[in-house]
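A short worksheet on the structure shown next.
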Amino acid sequence: MKKLLPLVLITASLILSGCQSAYYGAMEKVGYHKRDIMVSRVQDAKESQQEAQEQFSSALEEMQALLNHDGGDLQSAYEKAKDEYESAQGAADDVSNRISKVEDVAEALFDEWQAEIGEISKASLRRSSESKLKATQRAYNQLVRSMRRAEDKMPPILTAMKDNMLYLKHNLNAQAIGAIKGEFASLQTDISSLIKEMNRSIEESNKFIDSLEGK
């Protein structure tokens, strides 16, 4: 069984790689090249970060409403906060998925670009293409680092939110709510930091898209 597992993982990886290659090949046949896919996926990643910003802000607002709850249906306020936490988790998962898709097409694009440089016979054109490839790779690496930095800020926030939701689930009363109020200021600070980091990543995304489109 132990020997079989690595083989299964390798096979799955090869199948996935083959599917991606087939996908890129099919898209190229209809005039949609890897560079176009790259632009589209960076745009998708940027939009997923914008949606995550909104979702984390909404989750913070609902938690604040729960903590400031004064009379009325406490269970309803808890359910709203819980729903927003779960939506924030979904938004975070989407961000991670979108970044991974950017990395996948980038690898395919840069491999293709490097291979095709070797087919250019004129030295001056080859050097120019190599220079452009390296510049694009540097901009891409900066973009992905920025995306991943923002991504890394999400799990601790989600963990804190989950802890609060689980704590309150079986202790939904004024005393329990008072017990977690001290953590709210820290959550506010962390989410504010996350939004700033995502804004930097979004700015990098815009710059990278402009560079690919020759703007």
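Can you find, among PHE208, MET63, GLY178, the residue sitting farthest towards the positive end of the charge dipole of the chain, where Lys and Arg contribute +1 and Asp and Glu -1 at Cβ?
Of the candidates, PHE208 comes out farthest on the positive side.
What value does the stretch 166-212 have for Rg/Rh, both radii from Cα atoms and Rh as Kirkwood defines it?
Details: Rg = 18.3 Å, Rh = 13.4 Å.
Here Rg/Rh amounts to 1.37.
In the chain, what percent of the accessible surface is made up of carbon and sulfur (1.4 Å probe, ligands and nucleic acids excluded)?
Working: 6370 of 12540 Å².
Percent of accessible area from carbon and sulfur atoms in the chain: 51.
Expressed as a whole number of Å, what is the distance separating the alpha-carbon centroids of the stretch 17-87 and the stretch 160-215?
Comparing the Cα centres of the stretch 160-215 and the stretch 17-87, I get a distance of 13 Å.
Once the dipole of the chain is set up with Lys and Arg at +1 and Asp and Glu at -1 on Cβ about the Cα centre, which of PRO155, GLY25, SER193 lies farthest towards its positive end?
Comparing the listed Cα positions along the dipole, GLY25 ranks first.
Can you give the accessible area of HIS69, probe radius 1.4 Å, in Å² rounded to 10?
60 Å²
Starting from the Kirkwood radius over alpha-carbon pairs of the chain, derive D by Stokes-Einstein at 4 °C in a medium of 1.567 mPa s and give it in µm² s⁻¹. If you can, show how the numbers build up before the last one.
Numbers: Rh = 20.2 Å.
Rounded, D is 64 µm²/s.
Over the Cα atoms of the stretch 67-151, what radius of gyration and what Dmax do you get, in Å?
Spelled out, the Cα radius of gyration and Dmax of the stretch 67-151 are 23.2, 78 Å.
Give the lysines whose C-alpha is closer than 21 Å to that of LYS46, dropping any in the same chain fewer than 8 places away, or say none.
Candidates past the 8-residue exclusion: LYS34, LYS101, LYS153, LYS196, LYS207, LYS215.
Given a 1.4 angstrom probe, what's the average accessible area per residue across the chain, in square angstrom?
Details: 12540 Å² over 215 residues.
Spelled out: the 1.4 Å probe surface of the chain, per residue, equals 58 Å².
In whole Å and largest first, what semi-axes does the C-alpha gyration tensor of the stretch 133-215 yield when each eigenvalue is scaled by 5 and square-rooted?
Values: eigenvalues 317, 22, 14 Å².
Semi-axes from the Cα gyration tensor: 40, 10, 8 Å.
Calculate log10 I(q)/I(0) of the stretch 68-108 for q = 0.27, 0.29, 0.32 Å⁻¹, where I(q) comes from the Debye formula with a single equal point scatterer on each Cα and nothing for solvent.
Computed log10 I(q)/I(0) values: -0.85, -0.89, -0.96.
Go ahead and estimate [θ] at 222 nm for the chain from helices alone: -39,500 (n - 2.57) per DSSP H run with n ≥ 4, summed, over the residue count, rounded to 500.
Details: 6 runs with 189 residues, N = 215.
The helix-only estimate for the chain comes to -32000 deg cm²/dmol at 222 nm.
Only loop residues by DSSP count here, and only those with at most 13 other Cβ atoms within 10 Å; note down the chymotrypsin sites (Phe, Trp or Tyr not before Pro) in the stretch 16-93 that meet that. Working shown, then result.
Working: sites: TYR23, TYR24, TYR32, PHE56, TYR78, TYR85; in loops: TYR32.
Those that pass, being in a loop and sparsely packed, are TYR32.
The values are calculated or read from the model by the stated rules, or taken from the named source; none is laboratory data. From a predicted model like this one, the values you see are computed outputs, not experimental measurements. FYI the Cβ positions are ideal-geometry reconstructions off the backbone, even for glycines, and counts take in every protein chain you see. Only protein heavy atoms, including side chains, enter the accessible area calculation; ligands, DNA and RNA are left aside. Shrake-Rupley method; radii C 1.70, N 1.55, O 1.52, S 1.80 Å.
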